[in-house]
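Accompanying notes for the structure given below.
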Amino acid sequence: MDFLRPAGWEEALAAKAEHPAAVPIAGGTDVMVEINFDHRRPDHLLDLGRIEELTAWEDLGDSVRLGASVPYSRIMKHLRGDLPGLALASHTVASPQIRNRGGVGGNLGTASPAGDAHPALLAAGAEIEAESVRGTRLIPVDDFYTGVKRNALAPDELIRAVRIRKADGPQQFSKVGTRNAMVIAVCAFGIALHPETRTVRTGIGSAAPTPIRAKAAEEFLNAALEEGNHWESEAPLPDSLVKQFATLAAGACNPIDDVRGTAAYRRHAIGVLARRTLGWTWSARERSTACA
Amino acid sequence: MTATGVPGHLTQGSATRGGIGESTLRPDGTLKVTGEFAYASDMWHEDMLWGHTLRSPHAHARIVSVDTGEALAQAGVYAVLTHDDLPAEVKNYGLEIQDTPALAHGRVRHHGEPVALVAADHPETARRAAAKIKVVYEELPLVTDEASATAPGAPLLHEGRDDHHAAHTPHPNIVHRQPIVHGDVAAGRARADVVVTGEYVFGMQDQAFLGPESGLAVPAEDGGVDLYVATQWLHADLRQIAPVLGLPEEKVRMTLSGVGGAFGGREDLSMQIHACLLALRTGKPVKMVYNRFESFFGHVHRHPAKLHYEHGATRDGKLTHLVCRIVLDGGAYASSSPAVVGNAASLGAGPYVIDNVEIETLALYTNNPPCGAMRGFGAVQACFAYEAQMDKLAAALGMDPVELRQLNAMEQGSVLPTGQSVDSPAPVAELLRRVKARPLPPERQWESAGGPADVRALPGGLSNTTHGEGVVRGVGYAVGIKNVGFSEGFDDYSTARVRLQVAGGEPVAVVHTAMAEVGQGGITVHAQIARTELGVSQVTIHPADTQVGSAGSTSASRQTYVTGGAVKHACEAVREKVLERGRAKLGTYHPAWATAELLLEGGKVVTDGGEVLASLAEVLGDEVVDLELEWRHRPTEPFDLRTGQGNGHVQYSFAAHRAVVEVDTELGLVKVVELACAQDVGKALNPLSVVGQIQGGSTQGLGVAVMEEIVVDPATAKVRNPSFTDYLIPTILDTPTIPVDVLELADDHAPYGLRGVGEAPTLSSTPAVLAAIRAATGLELNRTPVRPEHLTGS
Amino acid sequence: MRVNFTVNGRRQEADDVWEGESLLYVLRERMGLPGSKNACEQGECGSCTVRLDGVPVCSCLVAAGQAQDRDIVTVEGLAALAACRTEGGDCASGACGTGLDEARQWRADPARGTDSQTGEGTELSPVQQAFIDAGAVQCGFCTPGLLVAADEMLEANPSPSDADIREALSGNLCRCTGYEKILDAVRLAAARQEGTVSR
């Protein structure tokens, strides 16, 4: 095994081009587990820990360009306003120690359906900035997850940053685990209200082979909100509407039975989370409207 | 000695009295908070090699061939060993039945069974070499439960059994069976106005001690070996290790290294024989350290159980009868299954007076992971079932569940289904009264005035699953009975060596036992006993090793009783010697030497009236008093193999819990809000440690109520979650406040009246949490741990 | 490969490091600093918690090579760190801290006097002392990681609520104590730090 320690981003891209099978390591919270437990022996480890720009973020006006290695603890602390859904998701990641090391780039690179950041990214709307010596491309998050623990990156590409749309309305994130802290998601749900476009976006984790959006639920809700003139109203949403949204969200799942939970439970729980988080965001919108 | 990192002499030298009954601080506390305390995995020796174990990927298979050639050829590899390399006639070990091969011989019987060993100069070299050992397996049909174990033509886990249980078990795949017959069940049933039955399932729990199995074996010039290891019972290890190494016991010198928790999981051997084999083969020190994955295969677990219970009662709530059948899955090797059967059977009725009882308890041999000792040892599974039954019965009778329990509660003088009379305080009703009398914790603690819900106080915790929606509170009660010490006629003794001398004008006592300090605080208590008995403030605890006689196991809540008793006994004998010397040397100077009751206090000989006769320095001068003595508790008897009758136990321990839970009924997530415990400890030798034991035991019971389970795939008998990612134990956010009410009703048969403490709180905690969840949800919940899908019906 | 980094204020160098080794392994097996514990090696227990450039992390999940030029504080350096804080010194500068030789002395000579064996007379940080006094130590395997995490929390939040303590320590598993005495210990350390309770 070789340990590559590029001092800068260009050097890292060059190394990845030269060794496309090299495994990038930043926070180490996925890669080192696999090495410690003898599940993985890459020929090259590519340490991204010395590349400072990966741990910085940048305000692009309507979005935040979040460096791939910005630790979750800093997202929680500094980006709660612009990226509330991701900040909430960050708070549910493993433990304080892990949140001090792990970042969104790792979640995306591993592309596990259980990664906590995915539902928040899907709900907010994001593009993954993938870069190689050949150049940079922006991959919409909806196109990023291609299979179980597979993503749209080319072998020579590294994740430089994620461009996440700033919140224009309330966002929520909720995850079910069988412990009250330090737990991998049995399933998770993210929701973002986008009053500017009068749309709602969602994200589901751990309830399908990849992170997904509950598209049918979104379409139903967007239409119903429009039809009922709800965006203009301060009233709570009708129960029947919320219930139908929850049913459709549960229906979007394609889960499996595994040691962490049953498929049936995951489907059920996503329905509950969809209903609750829609309620929370909608009432937060009422409050913010009222305050304004 | 060349090995380093071995815990040295631990001294408590304070000016305070520090005798029994005080919350003196741990003598190893400073080392533990500075990171200097040497655990087994911290051992280091120059030139040492790393041992690694190759384990079976199958639960049941014939080993067709093993080729170690390529592994051995790797650079940095010093040895590769298989069953064929075992040096002695004896190839197997076992606590009671020697049925466990040191390395698999022609067949593997469970997932993760050790097949081969590697010693190399770096752990990675050893792992890579192990991956190059070519083992050809031919999978065999599986035995996974009672039906498949006892089916006609079922594969036998162990053919040709000749152990002493073989003759009385109905099938060779049954390790041991213990019936209990007491009174007349038919007559009792005829008197019953209400009968409730239930089928209960208890999942496989792991001890999940944090310090992984580790040790260092150092070959010695005399052909023997020095082994530094984390274990619960040095001498039982020695008895099993030496024959497999082909060495006399005196050539295997064992020293206890720092132990990172045990809870029963270190009662069986793990890497001990393996490290010694590699060290003897290579002539170099060999260190072995399991990682967490391997640890799940490196020790036995708590027996999963299926329990069928039938209780009857009269309309006014008096129990009429009990019929129960408890089937424990012992897995591939016997470990301590027979004793677990004895406990589950003899304590299967719980702390209740029931005149008519029929109990059948058995343990199976299967291809599942081997199970053995874990805190509570057979009594835990039974308590889960009989306490669920009490609630069910109370509901059927329309009675308060606590009142029903109190009405039938055992007390001093009550007779157990084994015919044994309870001859010390049994405050079962009082313990229940105390936990019930506590004020309930405030409701809706997640709410703050005007602010958002504090999710940390809600089910789901940081995962932000509810802000109060769907959350329902429930309260549940449970009480349990655990035996203390080894039962059924076992010669349960301990040994203590106590030396008293004066050094630099100051009397110093040295206490030397082989007791495994696994965290419970035995060494703290030994120093306290020595101070109380010898009146010295300076007590040094000698490292535990096999240079002194056996202390027995750090299990069965027995060490303070038995090794504490041995230390007390040895101190008393030392005191007698001191007084003898005093009388001989100074007796003529004061008549009180001959006439008064004499004590040692504050480094002096004093009369019971408080008059100082001499200092220890004056009495002893340069002399050293040094005695090694054995001490045993009252003898017990085996249970009759047909009726289960017999005075099998020496002492009982009782605890009661009240659990308050909040359940997110829509998502099936549980937050335990409070877990109050009341326990009788006879005499709290160290109140701080006692409370710590009770809180820790309660939390392990909470864990198996709501999250902890080793999941074994029934189709393959393989473990599906051997990691801390998927075998979850409670975090600090899952653990509630645990108020503890300690009673001290002396047991006159025990040293200082004390009662073993460690296990009882693990029993009643689980059923109390389950009862509270039932109260919140109205569900029957016959299985533990409860998973979200059980609460949501999905 | 070779790795250079600062441990408890002293520059250190490790040679012949296998590229897959964790910082935890290097500290324990190469630096003679086994205080950081190896309970799970998958970031699920917190026993190996150290501060990496001031931030608590699981050292089992830091590749050794990633520690190059970084500043690490382990449980062995907590007392010196606390002393430095009290004196208002720059703790990250390396001007203070426990030297490696000093830290490994306990194992270099097991025949030393009894005082060194019990650690009596050892300078402790307030949180270390509180763990002993409150009975928060049983087997002690989780203790070093908890101490590093608790010390850092108290540095950032000198008067934490119980919920704050629970959240900050939610990445550290303990199997012996049921956590009650650990909470007591952190409350005690906070109170002593605030001067509301004397030692």
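The values are calculated or read from the model by the stated rules, or taken from the named source; none is laboratory data. This one's a predicted model, so the numbers in the text were calculated from it and none came from an experiment. Glycine also receives a Cβ, built like all others from the backbone with ideal geometry; neighbour counts cover every protein chain displayed. Heads up: the accessible areas ignore ligands, DNA and RNA and are worked out on the full protein's heavy atoms, side chains in. Shrake-Rupley method; radii C 1.70, N 1.55, O 1.52, S 1.80 Å.
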Vicinal HN-Hα couplings computed from phi for the stretch B:754-759 (Karplus, 6.51 cos²θ - 1.76 cosθ + 1.60; Hz; Gly/Pro x): 6, 10, x, 10, x, 9
Over the protein assembly as shown: helical MRE at 222 nm, DSSP H runs n ≥ 4 each giving -39500 (n - 2.57), nearest 500: -8500 deg cm²/dmol
How much solvent-accessible surface does B:Glu250 expose, in Å² to the nearest 10, with a 1.4 Å probe and all protein chains in place? 130
Set of the stretch A:220-253 residues, backbone N closer than 11 Å to the point 7 Å along the Cα-Cβ line of A:Arg198: A:223-233
Along the Cα-to-Cβ line of A:Asp168, 7 Å from the Cα, sits a label point; which residues in the stretch A:66-82 have backbone N less than 20 Å from it? A:66, A:80-82
What residues qualify as long-range amide H neighbours of C:Glu21, i.e. H under 5 Å apart, gap of 5 or more or another chain, H built at 1.01 Å from N? C:Ala64
Pop out the carbon and sulfur fraction of the accessible area of the protein assembly as shown as a percent, whole number, probe 1.4 Å. 49
Under the Karplus relation 6.51 cos²θ - 1.76 cosθ + 1.60, θ = phi - 60°, what is the ordered set of whole-Hz ³J(HN,Hα) values for the stretch B:199-204, x standing for Gly and Pro? 10, 10, 10, 10, x, 7
The stretch C:124-194, Kirkwood Rh and Cα Rg, ratio Rg/Rh at 0.91
As an exercise, use a Förster radius of 41 Å and the Cβ-Cβ distance of B:Glu618 and B:Ala746 to find the FRET efficiency, rounded to the nearest 0.05. 0.70
Could you tell me the extents of the stretch B:112-207's C-alpha atoms along the three principal axes, largest first, rounded to whole Å? 72, 32, 25
Once amide H atoms are built 1.01 Å from N in the peptide plane, which residues 5 or more positions from B:Gln207, or in another chain, come under 5 Å H to H? B:Arg302
Name the residues whose placed amide hydrogens come within less than 5 Å of the amide hydrogen of B:His176, ignoring near sequence neighbours (fewer than 5 apart) on the same chain. B:Ala363
Students often forget the sequence filter, so: which lysines lie under 23 Å Cα-Cα from A:Lys77 once same-chain residues fewer than 8 apart are removed? A:Lys166, A:Lys175
Hz values of 3J(HN,Hα) by residue in the stretch B:262-276 - Karplus curve (6.51, -1.76, 1.60), Gly and Pro given as x: 8, 6, x, x, 10, 6, 8, 5, 10, 9, 4, 5, 4, 5, 5
Here the net charge surrounding B:Leu669, from other residues whose Cβ is less than 12 Å away from its Cβ (Lys, Arg +1; Asp, Glu -1), is -2
The stretch A:66-133 versus the stretch B:359-409: alpha-carbon centroid distance in Å: 46
Net charge over other residues, Cβ less than 9 angstrom from the Cβ of A:Ala130 (K, R count +1; D, E count -1): -1
Of all the stretches in chain A, which is the longest one without any exposed loop site, taking GluC sites (Glu not before Pro) in a DSSP loop (any state but H, G, I, E, B) with at most 13 other Cβ atoms within 10 Å? A:1-195
Say each of A:Val133 and B:Asn92 gets a label point 7 Å from the Cα, pointing the same way as Cα to Cβ; how far apart are those two points in nm? 6.3
In the stretch B:379-472, which GluC sites (Glu not before Pro) are in a loop and have at most 13 other Cβ atoms within 10 Å, using DSSP for the loop call? B:Glu443
What FRET efficiency would be calculated for the residue pair A:Asp59, A:Glu10, taking the C-beta separation as r and a Förster radius of 22 Å, to the nearest 0.05? 0.35
Given springs between every Cα pair under 10 Å in a Gaussian network model of chain A, which of A:Gly228, A:Gly271, A:Gly115 has the largest fluctuation? A:Gly228
For the pair B:Lys585 and B:Ala503, what calculated FRET efficiency results from E = 1/(1 + (r/R0)^6), where r is the Cβ-Cβ distance and R0 = 25 Å, to the nearest 0.05? 0.85
Expressed in nm², what is the orientationally averaged projection area of the convex hull enclosing the Cα positions of the protein assembly as shown? 49.4
I'd like the Kirkwood hydrodynamic radius of chain B, using the inverse of the mean 1/r over distinct C-alpha pairs, in Å. 27.6
C:Val55 paired with B:Ala166, simple spin-label distance in nm, labels 7 Å along Cα-to-beta-carbon: 6.2
Just tell me how shielded C:47-58 is by partners: mean number of partner chain Cβ atoms within 10 Å of each residue's Cβ, no decimals. 4
